[in-house]
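Each remark here refers to the structure printed beneath this line.
The values are calculated or read from the model by the stated rules, or taken from the named source; none is laboratory data. All values derive from a computational prediction rather than experimental measurement. With ideal geometry, Cβ positions are generated from the backbone for all residues, glycine too; neighbour counts draw on all protein chains shown. Calculation scope for accessible area: heavy atoms of the full protein, side chains included, ligands and nucleic acids excluded. Shrake-Rupley method; radii C 1.70, N 1.55, O 1.52, S 1.80 Å.
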Amino acid sequence: MEQDIVALTSKAERSAVQTMRGTAVEFRQISKSYGSFEALKDFDLTIRPGEFLTLLGPSGSGKTTTLMLLAGFEFPTSGRVMIGGQDVSKVPSWRRDQGIVFQSYSLFPHMTIKENLAFPLETRGIARKEIALRTQEALRMVKLEQFQERFPGQLSGGQQQRVALARALVADPPLLLMDEPLGALDKNLREEMQIEIKHIQERLRLTVLYVTHDQEEALTMSDRIVVMNEGKIQQVGAPVELYERPRTRFVAEFFGDVNIFLGSVEASEFRADDESFTIPVCTGAPEGSACGAVRPEKIEMHKWGERPAMNDSVEIGGEVVDVIYLGQMSRYTVRTAGQDVVIKCMAAPRTRHFLVGDAVLLSWQADSFVLLEQGATT
Amino acid sequence: MSADMRTLRDRLPRLGPALLALPAVAFVFAFFALPMLDLFLASIGWPDISLASYTEFFTRGGYLPVLVRTVIAGITVTVLCFLLGYPLAYAINMTTGTKRTVMLLFVIVPYLTSLLVRTYAWIVMLGDGGLVNKTMIFIGLTDRPVQILYTSTAAYVGMVHIMLPFMVLPILSVMNGVDKRLIPAAKSMGCPPFRAFLRVFLPLTVPGIRSGCILVFILAIGFYITPAALGGLSDVLLSELIEIQVSQAMNFRLAAAAAFVLLVITALFLLIFGADVSSTRTGLVGGDTGRFSGRGVGFRWARSLLAPLAAAEVMRKRRLAQWQKSLYRRDPFLAFRPGLLMTYAVLCLGFLILPSLVVLVMSFSSDPFLSFPPSGLSMQWYEEFFTDPSWIAALGKSVYVACISTLLACGLGVLAAYALDRSPTLSNYLMPLLLTPIIVPIVVVGVALYGGYVDWGLIGTDAGLIFAHTLGGISYIVIIVSATLAGFDRRLERAALSMKAHPFTAFRRITLPLIQYGIIAGAIFAFIHSFDEVVVATFIGGFGEKTLPMKMWEDIRHEINPTIAAVSTLLLLVPVLGLVGLRLTQRRNN
Ligand SMILES: Nc1ncnc2c1ncn2[C@@H]1O[C@H](COP(=O)(O)OP(=O)(O)OP(=O)(O)O)[C@@H](O)[C@H]1O
Ligand SMILES: [Mg+2]
């Protein structure tokens, strides 16, 4: 990071930092059909200037479609796309000003790295001298100066990815679109690149629309996440919000393991259908049948007979039926009088290691329990 | 926004490709499909519809036997080519490195060499004073020259020689794609080598065999030049009969009927054997073929039929899988006799290349007639060629016609290929149309264009020739450029658009450089197609100035003059230059 800042010596980049702000983006009542198939429905979304927004959802949920609408490769069937307050719904891609990093990188194989980086500047009619200057800067930014005369085929996957990023940024677009840009990289490299992208975005204060189906990636990088399913927005919010306070069962289940309890709400209290526990919920909750969620790591597990350390709202007895070792954590399945409950505990001292057959006591606090909205469940 | 506007805007992008394909489609329609329709109408005596000419064809003495003989000749040539060609392709596929390149050149150079030159070569080889007779006398098989030339043996030898590359190239291109690891895998399951070959390798190469056989059969039953030049009077084939009906008997109706019979046989054959040329089977064949699976059926169908494509591909793909190749090289099925196979391959390649060499030697002969070996060397025939204004004029005209038609074909063909690549639906319907000019037997094309161009006053004009040759040129360019585009990553174009490149800039700076190899290869094929074409030219050339092949053909028929050997030697340079050009662009692209 420090190195990056030192690298910001040139005039162009400094001025970029000072004056450039990402633009605002707005999707208004978008729907998009391919023939009779509706890929996007009632899509309403605002991206704030300088925000890192991630689209997250299962395959076929319409993430790429959304990105393509913003990129100008597809046009909405109805509704409007606004960039910087202007309606661009019908403006084709080559008249918009944005940088795109494609999943396949799409580096031009017949041009050297330098020529690849110069391309977006040439199409904007920038003078040759300045092109040379700015390509050098971009190369420095992604630390690839020594590779500039090579062809894309002569670079590793990670290096190609960096070139793609530099090429998307070299013309200082106020908006950066990325469609699963790290999909082809291995885990370590992916994490490294996540940090790098995030730094660059923060430094240039770019507006970023990022597409991924890796929830961890979304959680680490985004200011806000949009969870999509079947062409509809399920929930928009900051990573913490989505993880801790999912609104629907779909969102809860999308971010990893979760225990879902079916039951009913009566007088501000949730009662599990299997009568295994009751738990207070907020006063506004609608009465009637409901379902709630508890993340596995929010559940405490004790040897049967030991007192819970804290004064938790729920206590259920059960028996360990399965243990999976995950490295940092272990994942237990506990059979209770009602349903099986999943628990994740940090790998702990030997004394607290549970074995299959152990009788245990489960407990969690009232605020770990999230009441989910009905209807939108799947 | 109104619903109408919306549907219009949704449709426009889909109309775009159709607009790009329009010029080529209109061209082929006007200068090919209409004449074909005309021909059909003529055959049924439009406007007084009757089947009289067909009845005449099938009942009057002499025609039916010719038809039967033609089909039998087609089948015989196909079978012979397969028997000779499959082991040859196998041997080439087994070889690696420079040896392989040389073997390939020995197949591709004859393939690209003028039909007339190769036919002429056999006249030289098989004549009374030719190499074959001289050799037989030398080794004591006979004491007098045996009559070979102008017999059906000569016709068959010539036809097989000319067709062999059409069999080898598609088979080789499919063999190339077969996963080499399958064979050791089969063996590891306890399958003995020859059984592994029969059960695993052979079935996987069936698509290649099929397209090779279709190609050879279709070309063989429409064959005109070679059997006419080498065969005897008693082995007249249908194509010759058609030519005679038009040029001598002036019975256009009967010629039209005969042409349609030939066309129907071709179509039936395609329908029976070509229908499912590249369905599930090809899916099994390596990455190269799999890559195309997303494209329209029409494209796949056409693709598997075209030897030029196979040639271009076989030439191109070499570098990639070299290491893999050498990994499994020492694993021939016929492990017991790899030497035998190689000897066979060398003999076959000798058969392919020898006639050209003989012509080359003959062209420097100092004798006033054809005799091998020549008693002395001289440049007299070259002198004769370069000092005879009629030869020079013919050469000039050929170059002119070939250049213009190549340019025209390039313009129309590249646009069409680009359009078809955008839309699988278009590709399904239009690809077959754009390719018919080179799938329909050439003699049928000749008659049809003759009939059509007579009405338009194009007979004997440069324009007529140029239009006729542009048709085939479009086919070659469409098929080769389509194949190249199938390998082109369209997302690159999108990437360029996302960088504020105007669509035209994106095409010029990204697409064009990346498909340049295909365009140049296509242009080379289109040029050679026009430069060598003689059958259609003979039909529609009228009494106008002659092209080089027309003049050669006339001379071959009337006086076997060694000047032709000199011309032929010069023409041998064409494929060589073409290949060099192809190599150079390829190198630049790498
Ligand atoms: N050009 C098209 N024609 C028809 N249907 C399409 C087209 N493009 C996308 N679709 C459909 O629209 C839906 C959404 O596609 P989209 O590519 O946006 O999904 P995605 O969320 O990006 O999925 P993935 O994670 O697999 O990339 C899918 O059901 C897809 O089949
Ligand atoms: Mg996608």
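Among the residues of region B:260-282, those that are modelled with pLDDT under 50 and open to solvent by 60 Å² or more (accessible area, probe 1.4 Å) comprise B:ALA275, B:ASP276, B:THR280, B:ARG281.
Considering only region B:35-67, state which residues are of a type in the set (Phe, Trp, Tyr) and over 27 Å from B:PRO437 (Cβ atoms). Listed by number, the list holds a single entry, B:PHE58.
In this structure, does A:ASP179 turn out to be surrounded by fewer than 22 Cβ atoms within 10 Å (Cβ to Cβ), within 16 Å of ligand 1 (Cβ to nearest atom), within 17 Å of the chain's Cα centre (by Cα) and acidic (Asp, Glu)? Let's see the steps before the verdict.
Numbers: surrounded by fewer than 22 Cβ atoms within 10 Å (Cβ to Cβ): yes; within 16 Å of ligand 1 (Cβ to nearest atom): yes; within 17 Å of the chain's Cα centre (by Cα): yes; acidic (Asp, Glu): yes.
Answer is yes for this residue.
The residues of region B:388-420 that are of a type outside the set (Val, Ile, Thr) and over 23 Å from the mean Cα position of the chain (by Cα), listed by number, are B:ASP388, B:PRO389, B:SER390, B:TRP391, B:ALA393, B:ALA394, B:GLY396, B:ALA419. When A:THR65, A:THR77 are screened for being of a type in the set (S, T, N, Q), within 16 Å of ligand 1 (Cβ to nearest atom) and more than 14 Å from every other protein chain (Cβ to nearest Cβ), only A:THR65 passes. So, B:ALA506, is that one aliphatic (A, V, I, L, M) and within 23 Å of the chain's Cα centre (by Cα) or not? Criteria not met by B:ALA506.
Each row is one residue, and each column tells you yes or no for (1) among the acidic types (Asp, Glu); (2) farther than 30 Å from A:LYS32 by Cα; (3) within 9 Å of chain B (Cβ to nearest Cβ).
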| site | (1), (2), (3) |
| --- | --- |
| A:VAL81 | no, no, no |
| A:LYS90 | no, no, yes |
| A:ILE131 | no, yes, no |
| A:GLN136 | no, yes, no |
| A:LEU155 | no, yes, no |
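Among the numbered conditions (1) closer than 27 Å to A:ILE195 by Cα; (2) more than 10 Å from every other protein chain (Cβ to nearest Cβ), the only one that A:SER31 does not meet is (1). Show me the helices (runs of 4 or more DSSP H) entirely contained within region B:40-141 in which 3 or more residues are over 30 Å from B:MET167 (Cα atoms) and out of contact with any helix residue (DSSP H, G or I) (no Cβ under 6 Å at 6 or more places or on another chain). So the answer is B:52-59, B:131-138. Set side by side, the residues A:LEU117, A:LEU121 differ, and just one is within 10 Å of another protein chain (Cβ to nearest Cβ) and open to solvent by less than 30 Å² (accessible area, probe 1.4 Å), which is A:LEU121. Per the listing A:GLN161, A:GLN148, the residue uniquely away from chain B (no Cβ under 12 Å) and open to solvent by 10 Å² or more (accessible area, probe 1.4 Å) is A:GLN148. For B:ARG195, the stated conditions do not hold, so it cannot be described as in a helix (DSSP H, G or I) and within 21 Å of B:ILE438 (Cα to Cα). Taken over region B:507-522, the residue count meeting the criterion of being at the interface with another protein chain (Cβ under 7 Å from one of its Cβ atoms) and farther than 29 Å from B:PRO575 by Cβ is 1.
Among the residues of region A:136-191, those identified as more than 16 Å from ligand 2 (Cβ to nearest atom), acidic (Asp, Glu) and within 21 Å of A:ALA218 (Cα to Cα) are A:ASP186, A:GLU191.
Every residue in region A:127-145 that is open to solvent by 40 Å² or more (accessible area, probe 1.4 Å) and out of contact with any Ser or Thr (no Cβ under 8 Å at 6 or more places or on another chain), please.
Restricting attention to region A:127-145, the residues satisfying the condition of being open to solvent by 40 Å² or more (accessible area, probe 1.4 Å) are A:127-130, A:132-133, A:136, A:140, A:143, A:145.
Answer for region A:127-145, where residues must be open to solvent by 40 Å² or more (accessible area, probe 1.4 Å) and out of contact with any Ser or Thr (no Cβ under 8 Å at 6 or more places or on another chain): A:ALA127, A:ARG128, A:LYS129, A:GLU130, A:ALA132, A:GLN136, A:ARG140, A:LYS143, A:GLU145.
The helices (runs of 4 or more DSSP H) located wholly in region B:454-506 that include 3 or more residues which are polar (S, T, N, Q) and more than 14 Å from chain A (Cβ to nearest Cβ) occupy B:462-486.
Does region B:565-576 hold any residues that are open to solvent by less than 30 Å² (accessible area, probe 1.4 Å) and not hydroxyl-bearing (Ser, Thr, Tyr), and which are they? Residues satisfying the conditions are B:ALA565, B:ALA566, B:VAL567, B:LEU571, B:LEU572, B:PRO575.
Return yes when B:PHE525 is out of contact with any Ser or Thr (no Cβ under 6 Å at 6 or more places or on another chain), more than 30 Å from A:GLN98 (Cα to Cα) and away from chain A (no Cβ under 14 Å) and no when it is not. Can you show your working first?
Working: out of contact with any Ser or Thr (no Cβ under 6 Å at 6 or more places or on another chain): yes; more than 30 Å from A:GLN98 (Cα to Cα): yes; away from chain A (no Cβ under 14 Å): yes.
In short, yes.
Taking B:THR436, is it surrounded by fewer than 20 Cβ atoms within 10 Å (Cβ to Cβ) and β-branched (Val, Ile, Thr)? Spelling it out, B:THR436 is indeed surrounded by fewer than 20 Cβ atoms within 10 Å (Cβ to Cβ) and β-branched (Val, Ile, Thr). Candidates are the residues of region B:530-564 that are over 15 Å from B:LEU395 (Cα atoms) and in a helix (DSSP H, G or I); the one that is most open to solvent (accessible area, probe 1.4 Å) is B:HIS558. Does region A:319-326 contain at least one residue that is more than 29 Å from A:GLN374 (Cβ to Cβ), outside the structural domain of A:THR212 (by TED's automatic domain parsing) and part of a loop (DSSP other than H, G, I, E, B)? The answer is yes; a qualifying residue exists.
Taking each residue of region A:84-104 that is at positive phi and looking for partners that are away from ligand 1 (no atom under 16 Å from the Cβ) with beta-carbon atoms closer than 6 Å, six or more apart or interchain, yields A:GLY84/A:THR23.
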